[in-house]
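The values are calculated or read from the model by the stated rules, or taken from the named source; none is laboratory data. Bear in mind that the values here come from a model prediction, so they are computed numbers and not experimental data. Here the Cβ is made from the backbone with ideal geometry for all residues, glycine too, and neighbour counts use every protein chain on show. Ligands, DNA and RNA are excluded from the accessible area calculation, which covers all protein heavy atoms including side chains. Shrake-Rupley method; radii C 1.70, N 1.55, O 1.52, S 1.80 Å.
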Amino acid sequence: MKPVFEEPIISSIMKTRPKQDCPVTVRIVRKQVEKSAETRRRIMEATVRLLLRQGYSRLTTSAISKEAEVSRGAMTHHYDSKEDVVIAAIEYQLKQSIETTRKYVDQNANRDLSVDDIIDYLWRLMADGLFYMTLEYLPEMRHNAPFKTRLVPVIQGFHSSLNEIWAVISRRYNADPKHAEVVLNATMCLFRGMVAQTIVRSDPEYFDELLSLWRQLLRQMFATGLEVGNSPRVTKKKKAHVS
C-alpha cells in the first residue's frame, strides 16, 4: 500500500543523485516532483467527480484513469488499488473542506458572525457534494474494517475544524463551549438527514423552511446563553472536575 501523499520516486532519485547538488539535478528533481503531484491531484479530483456521478460500487480504476486523463501505468504507480485511490480522494476532499472552513474562520475573525451566517455556511458546505461523498463511503466503512481504520483520523480532523468555526460564535455570545459543541453536533446531524432526503425529495421550499426553523431556534438558544439542558457527557465531565 502506497502512502497517500508521499512520492516514492523522490527517495529513489535522491539516492542516485550526486553528492553535490548541481542546479540541473535540482531542477530535474523539482520537475519530477511537481509532475507527480499534479498527476495525483488529477487522479483524486477525477475520483471525487466519479464517486459523486456514479457511486462507489460502479467505480473502476480504468474509469478513473480515463477521467483524469492519465495512463493506467501512472495510475498504478501512485495507487495499488481502487480502495487506495478512493481513500486518497476522500482525504483530499476533506482536507480541502478543512482548509476552506479555517479560511472562513480566519477571514471572519474580526467580524460579528451571526448564527444565520454559520448555519448558511455549514449547509452550503454539506449540500455542495461533501455529504453525498460521505453517503458513498459510509457503507464500505461499515463492512471494511481496514478501510474504516484509515479514514477515521481524517474524518476526525474535519470535525475538529468544524469545532473551530463554532467556537467563534460561542465566544461572541459568551456561551459554554461544551454546550456549543452539542449544538454543533445536532446541527450537523440535522444537515446530514436533510442532504440524504434531497435524494428522494426535490423541494427547495421544504428545506428552506427547515433551515429557517433551525436558525430561529438557535438564535433563541444563543440569546439565552445556550442553555441546552444537562448533556450527560458535559454533566459527567463537570462532576469529575468537582471531585
> Is it true that some residue in segment 75-84 is at pLDDT 90 or above, more than 21 Å from the chain's Cα centre (by Cα), over 24 Å from residue 153 (Cβ atoms) and open to solvent by less than 70 Å² (accessible area, probe 1.4 Å)?
Replying inline: yes
> All but one of (1) at pLDDT 80 or above; (2) of a type outside the set (Asp, Glu); (3) within 21 Å of residue 167 (Cα to Cα); (4) under 28 Å from the mean Cα position of the chain (by Cα) hold for residue 207; which doesn't?
Replying inline: (3)
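Can you tell me which of 165, 155 is at pLDDT below 90, under 19 Å from residue 95 (Cβ atoms) and touching a Lys or Arg at 6+ places or on another chain (Cβ under 9 Å)? Steps first, please.
Details: 155 fails: touching a Lys or Arg at 6+ places or on another chain (Cβ under 9 Å).
After applying the criteria, what remains is 165.
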> Which residue pairs have Cβ atoms closer than 8 Å, lie 6 or more positions apart in sequence or on different chains, and pair a first residue in segment 113-129 that is touching a residue at least 12 places away in the same chain (Cβ under 8 Å) and within 13 Å of residue 101 (Cα to Cα) with a second residue that is open to solvent by 10 Å² or more (accessible area, probe 1.4 Å) and polar (S, T, N, Q)?
Replying inline: 125/97; 125/100
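Quick check on my filter: what residues within segment 170-226 are at positive phi and open to solvent by 50 Å² or more (accessible area, probe 1.4 Å)?
Going through segment 170-226, the residues at positive phi turn out to be 174, 225-226.
Within segment 170-226, 174 is the sole residue that qualifies.
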